[in-house]
Each structure stands twice: as C-alpha cells, then as structure tokens.
Amino acid sequence: MGRLSTPVRPQEAGEGRVTEVRDAILDGLADGKSLRAICREDGMPSIATVMRWLSEDEAWQEQYARARKAGDDAMAEDIQDIADSPEYKPEDKRVMIDARKWLLGKRQPKKYGERQLIGSDPENPLPPGASISITATPAEAAEAYRLMITGK
C-alpha cells in the first residue's frame, strides 16, 4: 500500500480514512515491519495514537495481534532469505539473523524460543518416582537422567 499523503488525526479524519490507515498498519505488521517503521511513513499516525486505538477498540486489538503473529512468521522467513543472500557479509548476516531470532523468541517463545526441558514443568513433568541427586557431578546427573528417560 502506498504512503498516505496527510497525517491521520482521528478527530479530523472521516471513519473511512481511519479504517484505511488501520488497514495499512495491519498490512505492514503482517509483512514483518515494525510499528515504528510503519508510523515513520508519510501520513501515518504516531505510535501513541496507535496505542490509544488499541486500548479503545477490542476488535482492532485482535486484528493487531493476528497481524503481529503473521509478521513474526514473515520475519522467520526473512531469516532464510538473509542466510541465502550474497548481498550481505557473513558477519552482517549473523547479526541480522541473531537479532530476528532473539526478537521472535521473546514474542513467541513456544513457537520460536529455545526449547528447555525443566523437571517438574507442567508440560514436561519428570516420570513418577524420578529423582536426581543434587550432590552428583554434572556427568553423573546427566547419566542418571539418561537412564531414567531411556530405561537403559
């Protein structure tokens, strides 16, 4: 969607104009753009205005959340494009990829975060009757855990 020619001031704009701007924001988020980048474009509202809209409109909150999730998926796909691109130096690729991975891991930890199995985690409980000695060396504890999980 192209840039809008004038800033949006909801009290001065018609409902159609506000809807057009909100749709442009959702499209940008779904494409993986940051809200800051979207709001810097000509004719777009300030971040404060967007935050106010979010606090006032529950239906738009849901649309915004869906657009953010779609944008996260787009960002994940960008990682592959960056890795395959001859345009960037290897060290630049690493920084760009790591920044995206970190952000995705924070926004959607279950989908993009590092997997950690923690005993007594409700989603990954230890088997009944399992115990690990805290006085064991790390190697002994790892072996005890392996035996407990595999039974071998």
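The values are calculated or read from the model by the stated rules, or taken from the named source; none is laboratory data. These numbers come from a predicted model, not from an experiment. Please note: Cβ atoms are built from the backbone with ideal geometry, for glycine as well, and neighbour counts cover all protein chains shown.
To keep it simple, each residue is scored yes or no on (1) in contact with a helix residue (DSSP H, G or I) (Cβ under 8 Å, 6 or more places away or on another chain); (2) at pLDDT below 75; (3) in a loop (DSSP other than H, G, I, E, B).
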{"residue": "Lys106", "(1), (2), (3)": "no, no, no"}
{"residue": "Ile118", "(1), (2), (3)": "no, yes, yes"}
{"residue": "Pro127", "(1), (2), (3)": "yes, yes, yes"}
{"residue": "Ser131", "(1), (2), (3)": "no, yes, yes"}
{"residue": "Ala136", "(1), (2), (3)": "yes, yes, yes"}
{"residue": "Tyr145", "(1), (2), (3)": "no, no, no"}
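So Ile97 fits all but one of (1) part of a helix (DSSP H, G or I); (2) farther than 18 Å from Glu20 by Cα; (3) out of contact with any helix residue (DSSP H, G or I) (no Cβ under 9 Å at 6 or more places or on another chain); what number is the exception?
(3)
Could you please give the count of residues in the stretch 36-50 that are closer than 19 Å to Glu20 by Cβ and without any contact (Cβ under 8 Å) to a residue 24 or more places away in the chain?
6
Which of the numbered conditions does Gly113 fail, given that it passes all the others? Conditions: (1) surrounded by fewer than 12 Cβ atoms within 10 Å (Cβ to Cβ); (2) under 30 Å from Ala142 (Cα atoms).
Evaluating Gly113 over (1) surrounded by fewer than 12 Cβ atoms within 10 Å (Cβ to Cβ); (2) under 30 Å from Ala142 (Cα atoms) leaves (1) as the failure.
Determine the pairs where a residue that is farther than 24 Å from Ile25 by Cβ, located within the stretch 62-89, has a partner that is in a helix (DSSP H, G or I) and charged (D, E, K, R) with Cβ atoms under 7 Å apart, the partner being 6 or more residues away or on another chain.
Within 7 Å, the pairs are Ile82/Lys93; Ala83/Lys93.
Out of everything in the stretch 67-116 that is basic (Lys, Arg) and farther than 17 Å from Ser34 by Cβ, what residue ends up being farthest from the chain's Cα centre (by Cα)?
Here is the first cut: in the stretch 67-116, the ones basic (Lys, Arg) are 68-69, 89, 93-94, 100-101, 106-107, 110-111, 115.
Filter once more, so that each one left must be farther than 17 Å from Ser34 by Cβ: 89, 93-94, 110-111, 115.
Working: Lys89: 25, Lys93: 19, Arg94: 18, Lys110: 10, Lys111: 9, Arg115: 16 Å.
That would be Lys89.
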